[in-house]
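See structure below.
The values are calculated or read from the model by the stated rules, or taken from the named source; none is laboratory data. What you are looking at is a predicted structure, and each value in this text was computed from that prediction instead of being measured. Using ideal geometry, Cβ is built from the backbone for each residue, glycine included, and neighbour counts are taken over all protein chains shown. Accessible surface areas use protein heavy atoms only, side chains included; no ligands, DNA or RNA. Shrake-Rupley method; radii C 1.70, N 1.55, O 1.52, S 1.80 Å.
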Amino acid sequence: MSEEKQHKRRVHYSGKYPKKFEEKYKELNPEKYKDTIEHVISKGNTPAGMHISIMVKEIIDFLDIKPGQTGFDATLGYGGHTRAMLEKLEGQGHMFATDVDPIESEKTKKRLAEAGFGEDILTIKLQNFCTIDEIAKEVGGFDFILADLGVSSMQIDNPERGFSFKVDGPLDLRLNPNAGISAAERLDNISREELSGMLYENSDEPYCEELAKAITDEIRKGNRIDTTTKLRHIIEQTLDFLPEKDKKDIIKKTCQRTFQALRIDVNHEFEVLYEFMEKLPGALKPGGRAAILTFHSGEDKLVKKALKAGYKAGIYSDYSKDVIRPSAQECAQNGRARSTKMRWAVRAE
């Protein structure tokens, strides 16, 4: 006879508001606690387990979606952009979306189905967006495409995923935790020169050589860097020589850049993006529109170069010579929007 499942009490937290991700039970249940969600967003914060989509109006205005069209969302994430595009289809046409994160994509699929967007109008594929050519071939091309290259807030905020230096967790950083190697494993055997190059190329880190030496020296001593806190402590110790007045801010930015560089590396983000940009024109129908959101200079340079080359070759009839940025109001309401740049292109007829 099976034992009766015991009721598990919620963990009590100290202070007025919960600080740890797992304690924010109201934020993690947006359907049940709408008032809490609205309160957190009104303060310019992102509720735990949620993601606030960036530049939705600008994207929808540019894509000019019509009922009956076929669209592609390269990075499903929390599904905010997907939902906005689906609403424009008015129940006619079809959306395809990809995501490599098996954990979050399943939650999003359920959330969108409950909102009325089931498999009759939305197909979600658990694969990398650089496979866009395969999907386009199956469906005969796309009228509109969106690629939001940012990491979702649900991934950043969850300490178990290891994306943030602010909370302790395993140094993982994989978008798909079931594939490839973690950031900790990547650091296990990396050379000083390779790590220095990675930090410089992936995030323009000015202290790349000092950090590479400190990290590889620590590993050679037999001290594995397998948690977010251990990596942050090494960065803090390495930059301890900085003037006191500048130290806190520089360490924070260096942590951001270091974690970004590792994330880009373990997920092969530049290689994936390069492949996607090469396949993008072939996936668009004549006159089709594509919008791309980038979040750091390396991504933006790659996208800009590809769109410009496509325009010069006559593949695109028009493209964004200048970036479109989120409004000051959006940046004030969502701090994670500040680094966003939007670029676009229209496929030649």
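Annotations
- Hits in segment 183-200 (condition: polar (S, T, N, Q) and buried (at least 20 other Cβ atoms within 10 Å of the Cβ)): Ser196
- All of (1) in a helix (DSSP H, G or I); (2) free of Cβ contacts under 8 Å to residues at least 12 places away in the same chain hold for Lys88 with one exception: (2).
- Take the conditions (1) buried (at least 20 other Cβ atoms within 10 Å of the Cβ); (2) without any contact (Cβ under 8 Å) to a residue 40 or more places away in the chain; (3) within 30 Å of Glu104 (Cβ to Cβ); Ser203 misses just one of them, which is (2).
- Test for Lys230: is it open to solvent by 70 Å² or more (accessible area, probe 1.4 Å) and either outside any loop (DSSP other than H, G, I, E, B) or within 24 Å of Arg161 (Cα to Cα) (or both): yes
- In a residue-by-residue description of segment 114-127, the property of being part of a helix (DSSP H, G or I), more than 20 Å from Leu293 (Cα to Cα) and at pLDDT 90 or above applies to at least one position.
- Helices (runs of 4 or more DSSP H) contained in segment 241-349 and holding at least 1 residues touching a residue at least 40 places away in the same chain (Cβ under 8 Å), open to solvent by less than 50 Å² (accessible area, probe 1.4 Å) and touching a Leu at 6+ places or on another chain (Cβ under 9 Å): 244-266, 269-283, 297-312
- Within segment 207-221, tally of residues that are without any contact (Cβ under 8 Å) to a residue 12 or more places away in the chain and not in a helix (DSSP H, G or I): 1
- Residue under evaluation Leu171, criteria (1) at pLDDT below 85; (2) touching a helix residue (DSSP H, G or I) at 6+ places or on another chain (Cβ under 6 Å); (3) open to solvent by less than 40 Å² (accessible area, probe 1.4 Å), criterion not met: (1)
- Here the condition is being surrounded by 15 or more Cβ atoms within 10 Å (Cβ to Cβ), at pLDDT below 85 and closer than 24 Å to Ala337 by Cα; of Pro159, Pro177, it holds for Pro159 alone.
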